[in-house]
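Each reported figure results from applying straightforward, stated rules to the coordinates on display, with no laboratory input. Because the structure is a prediction, the values reported are computed rather than measured. With ideal geometry, Cβ positions are generated from the backbone for all residues, glycine too; neighbour counts draw on all protein chains shown.
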Amino acid sequence: MSKIFVPPIKSQGIKTKLVGWIGSNISSIEYSRWVEPFMGTGVVAFNIRPKKALLCDSNPHLINFYKSLQSKEITGAIAKKHLTSEGKLLLESGGDYYYTVRDRFNDLGNPLDFLFLSRSCFNGMMRFNRKGGFNVPFCRKPNRFAQALVTKISNQIDYISQIIEFGDYSFKHQDFTETLKELNSDDLVYSDPPYIGRHVDYFDSWSEEEEILLHGGLQASNAKFILSTWLSNQYRTNEYVFSIWKDCFISTKEHFYHVGAKESNRNAVYEALLSNFELKESIKNSEMKLRIESNISQLTTQKNGIVIPLQTTLNFEDAKVASR
Ligand SMILES: C[S@@+](CC[C@H](N)C(=O)[O-])C[C@H]1O[C@@H](n2cnc3c(N)ncnc32)[C@H](O)[C@@H]1O
């Protein structure tokens, strides 16, 4: 499998660990445009690298950032210069300068400041308060922007800039209901909405009503769609999979996360891809329901054999940058 590319912007909902799986599931699917109503950091699109894409989000800062790459207002070199000088002030201030940048960003919304905050805030989180202000605290590492990190971020920006430049990409700041209206039947739509009832912040809350609207809009578009969600953890099953999305196929992958330091304290979550067409290893939703009721494994995906779909990707000299 080729190396997964990590974008310059971070977020708690980032799908870096699932990109290979998503890519391999759609490796033989033909489509004319890739659409994401919830692009987030863009990690899925920038690894799938379709020739044509419509990437949208309700968070204006994410869209503004990628539009700035598209217009060349931000390049790898410009980001490097900015992070080097601002990083120096951060170090000299012992970390306090983070809050100067955060205030400035909340006043002016500069995309370079957004990048600075995303890469120096606590745990790479993205969270906005009720007034739409970025409110994540500092990661407490005054020397955050050491040269190696700045170079890495600058390369990540150059890599994405190439994808955008060589392809036909549109970025739109809009609600998913607007994106649904723009769908064509030969699109492939990857939807990664927030989980219902979680991640509640200014740009990122989600309700059952919205999930129903999303399902209805995707079905009505006649486009092929896939949707990321979770199926179950050790305590609960996501019942929306069997109500709102009951007419879909389902493919699952087991993901382990650790609670504390002990190797034995591992909890499994089944990540799910729901789709209105058969994926490589998907089963019918009704079959999954039967499996759960009969206590049969919820896993549909083989552990190996993940392949990024080359035929849908742009073709250019990216090997050096992509593997950084
Ligand atoms: C789970 S994240 C997507 C993560 C993305 N796939 C990634 O890997 O980075 C959900 C995204 O949906 C966006 N969002 C939330 N509500 C929205 C809405 N009503 N319309 C469009 N986007 C929305 C959030 O801003 C967030 O970026």
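Derived scalar couplings between HN and Hα for the range 34-43 equal 9, 10, 10, x, 10, 5, x, 6, x, 4 Hz in order, rounded to whole Hz, by the Karplus curve 6.51 cos²θ - 1.76 cosθ + 1.60 (θ = phi - 60°), x for Gly and Pro. For the chain, the antiparallel share of DSSP beta bridges with both residues in that region comes to about 60%.
Each of ASN123, TYR99, PHE134 was scored by the projection of its Cα onto the charge dipole of the range 76-157, and the greatest displacement toward the positive side belongs to ASN123; charges sit on the C-beta of Lys, Arg, Asp and Glu. Take the Cα of THR75, go 7 Å toward its beta carbon, and the backbone nitrogen atoms of the range 155-176 under 16 Å from that spot belong to 155-166.
For the range 79-200, what Kirkwood radius comes out of the mean inverse Cα-Cα distance, in Å? Display every interim value, and only then the final one.
Values: mean 1/r = 0.0596 Å⁻¹.
Radius from the Kirkwood sum: 16.8 Å.
Here the range 1-66 is assigned +1 on the Cβ of each Lys and Arg and -1 on the Cβ of each Asp and Glu. Its dipole about the Cα centre then comes out at about 180 debye.
Given +1 on the Cβ of Lys and Arg, -1 on the Cβ of Asp and Glu, and no further charges, what dipole in debye does the chain carry about its Cα centre, rounded to the nearest 20? Kindly include the intermediate steps, with their values, before the conclusion.
Details: 39 positive and 36 negative charges, 244 e Å.
Here the size comes out at about 1180 debye.
Dividing the mean sequence gap of close Cα pairs (under 8 Å, 6+ apart) by how many residues the chain holds gives a relative contact order of 24 percent. For the residue pairs LYS80/LYS253; LYS67/LYS224; LYS15/LYS67, the C-alpha atoms sit more than 28 angstrom apart in LYS80/LYS253.
For the range 53-106, a crude dipole built from +1 on the beta carbon of Lys and Arg and -1 on the beta carbon of Asp and Glu, taken about the Cα centre, is about 220 debye to the nearest 20.
For the range 79-194, averaging the sequence separation of C-alpha pairs within contact (under 8 Å, six or more residues apart) and dividing by the residue count gives a relative contact order of 27 percent. The calculated pair-distance distribution of the chain uses every alpha carbon pair, bins of 20 angstrom beginning at 0, and gives 30, 58, 12, 0 percent.
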